[in-house]
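Structure first, commentary second.
The values are calculated or read from the model by the stated rules, or taken from the named source; none is laboratory data. These figures come from a predicted structure and were not determined experimentally. Cβ: placed from backbone, ideal geometry, glycine included. Neighbour counts: every protein chain shown.
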Amino acid sequence: MTHTPKARAALSSLPAYVPGARPDGRQMWKLSSNENPAPTPPAVLAALAGAASIVNRYPDMAMTALTEAIATFHGVRTEQIAVGNGSVAVIEDLLQAYCAEGDEVIFPWRSFEAYPICVQVTGATGVPVPLRPDGRHDLPALAAAATTRTKVIILCSPNNPTGPTLSEAELREFLGAVPNSVLVALDEAYIEYVRADDAVDGKALLGEYPNLVTLRTFSKAYGLAGLRVGYAIGDPGVLAPVRAAGTPFGVNTLAQQAAIAALSVSDSALETVAETVAERERVLGAVRAAGWDVPDAQGNFFWLELGASTPSFVEAANRRGILVRGFGSEGVRISIGEPEANDIVIELLTELSKR
Ligand SMILES: Cc1ncc(COP(=O)(O)O)c(C=O)c1O
């Protein structure tokens with residue numbers, strides 16, 4: 001009888017992470033991964049070139065300069081920061097630090113598809129709570145789902161893929177309703193794109209709620225998705241175990257140097273964000289005028305609930321040279337990209353609305 005290594009049972013039923021479609025050799029506009037279409041700033045390119053000659057050495061494991069740069073940027077102490085290989089890795093570290101088999105992690109659904117995967121890998125049980133019909137979190141239902149086994153609740157503002165934010169008042173009420181012993185991880189990957197007046201900025205609430213942690217990333221506004229740097233800001237005592245759970249040397253030298261440089265020219269990143277926001281408003285204005293019902297879109301993407309027509313829409317977009325992200329027979333998420341790409345999206349949706 002042959003014996004083969006057996007992975008943990010939890011891994012046999014992991015949902016697959018479906019990455020946004022990539023061009024298959026044809027010239028395609030990639031609106032499938034919520035990326036920043038702006039060119040990489042010269043300061044970041046220079047940092048990468050400078051760091052390229054020292055990759056024979058291990059990175060700074062403590063990420064000292066990067067952590068200091070992030071802390072200074074946000075006006076917090078370095079102990080309030082935990083950096084990882086993308087904010088997905090920080091979510092993993094956080095879940096590793098706080099959850100094990102028998103524990104529960106609550107998250108809204110549909111939301112960022114990494115959540116159920118990261119939860120299941122820890123052995124904890126994911127508790128998805130359906131969104132409201134308008135694509136917003138159902139906060140009373142999320143709070144009501146908490147049990148004595150709940151260790152972490154993940155919230156996402158703006159929610160990927162539907163787009164709306166949480167308001168500050170809503171989050172305060174929610175934090176008042178859940179036990180202080182539950183860690184609330186607020187994923188704000190797209191916060192720089194938010195323009196809603198009442199939207200929450202998790203950082204502003206950290207002092208009042210030590211069980212709140214906000215997750216940020218260099219992948220979106222700062223255009224470093226390919227380098228993988230994200231971080232959490234929160235209470236030093238809460239984040240120390242998150243840092244301890246991180247992969248040693250998990251953020252490479254190029255990524256550390258590029259992220260420091262990106263922060264040093266943050267104004268230019270925010271200019272690219274402003275351009276994307278202007279494009280978002282242009283696209284949404286046209287698409288809504290054509291009769292489409294689009295939930296409030298506060299990130300660099302918008303959501304169309306197309307139901308059974310989702311696959312045929314994805315195909316139609318592909319034929320026009322646009323890659324979008326379809327979700328089964330639920331709907332499609334379309335990133336805001338280059339103006340030429342956005343024009344094609346408007347054209348396609350305007351035509352389809354007339355059929
Ligand atoms: C809500 C949300 N959180 C986190 C991430 C991942 O960010 P990172 O590239 O920092 O791992 C994404 C990426 O699409 C996202 O949509």
Margin query: Checking residue 220 against (1) away from the ligand (no atom under 14 Å from the Cβ); (2) buried (at least 17 other Cβ atoms within 10 Å of the Cβ); (3) in contact (Cβ under 8 Å) with a residue 40 or more places away in the chain: exactly one of these is not met. Which one?
Written below: (1)
Check: In the range 301-340, how many are free of Cβ contacts under 8 Å to residues at least 12 places away in the same chain and either buried (at least 23 other Cβ atoms within 10 Å of the Cβ) or of a type in the set (Ser, Thr, Tyr) (or both)?
Finding: 2
Check: Only one of 136, 172, 149 is among the basic types (Lys, Arg) and buried (at least 20 other Cβ atoms within 10 Å of the Cβ); which?
Finding: 136
Check: Quick check, is residue 182 out of contact with any helix residue (DSSP H, G or I) (no Cβ under 9 Å at 6 or more places or on another chain) and closer than 29 Å to residue 77 by Cβ?
Finding: yes
Note to self: Checking the conditions here, which among 5, 15 is touching a helix residue (DSSP H, G or I) at 6+ places or on another chain (Cβ under 6 Å) and loosely packed, with under 13 Cβ neighbours inside 10 Å?
What the structure shows: 15
Note to self: Regarding the range 233-255, can at least one residue be identified that is without any contact (Cβ under 8 Å) to a residue 40 or more places away in the chain, farther than 24 Å from residue 96 by Cβ and of a type outside the set (D, E, K, R)?
What the structure shows: no
Note to self: All but one of (1) over 23 Å from residue 264 (Cα atoms); (2) of a type in the set (A, V, I, L, M); (3) buried (at least 24 other Cβ atoms within 10 Å of the Cβ) hold for residue 215; state the number of the condition that does not hold.
What the structure shows: (1)
Checklist line | residue 282 being free of Cβ contacts under 8 Å to residues at least 24 places away in the same chain, not polar (S, T, N, Q) and not assigned by TED's automatic domain parsing to the domain that holds residue 54 | finding: no
Notebook entry, point to check: Of the numbered conditions (1) surrounded by 17 or more Cβ atoms within 10 Å (Cβ to Cβ); (2) more than 23 Å from the chain's Cα centre (by Cα); (3) over 14 Å from residue 256 (Cβ atoms), residue 53 satisfies every one except a single condition; which is it?
Noted result: (1)
Note to self: Can you confirm whether residue 28 is more than 21 Å from the chain's Cα centre (by Cα), of a type outside the set (S, T, N, Q) and within 16 Å of the ligand (Cβ to nearest atom)?
What the structure shows: no
Margin query: Against the condition within 10 Å of the ligand (Cβ to nearest atom), free of Cβ contacts under 8 Å to residues at least 24 places away in the same chain and not in a helix (DSSP H, G or I), how does residue 226 come out, does it pass?
Written below: yes
Notebook entry, point to check: Out of the range 147-173, which residues are more than 16 Å from residue 115 (Cβ to Cβ) and in contact with a strand residue (DSSP E or B) (Cβ under 8 Å, 6 or more places away or on another chain)?
Noted result: 147, 149, 163, 165, 167, 168, 171
Item checked: Spans of helices (runs of 4 or more DSSP H) in the range 68-159 with at least 3 residues within 15 Å of the ligand (Cβ to nearest atom) and of a type outside the set (Val, Ile, Thr) -> 87-98, 114-122
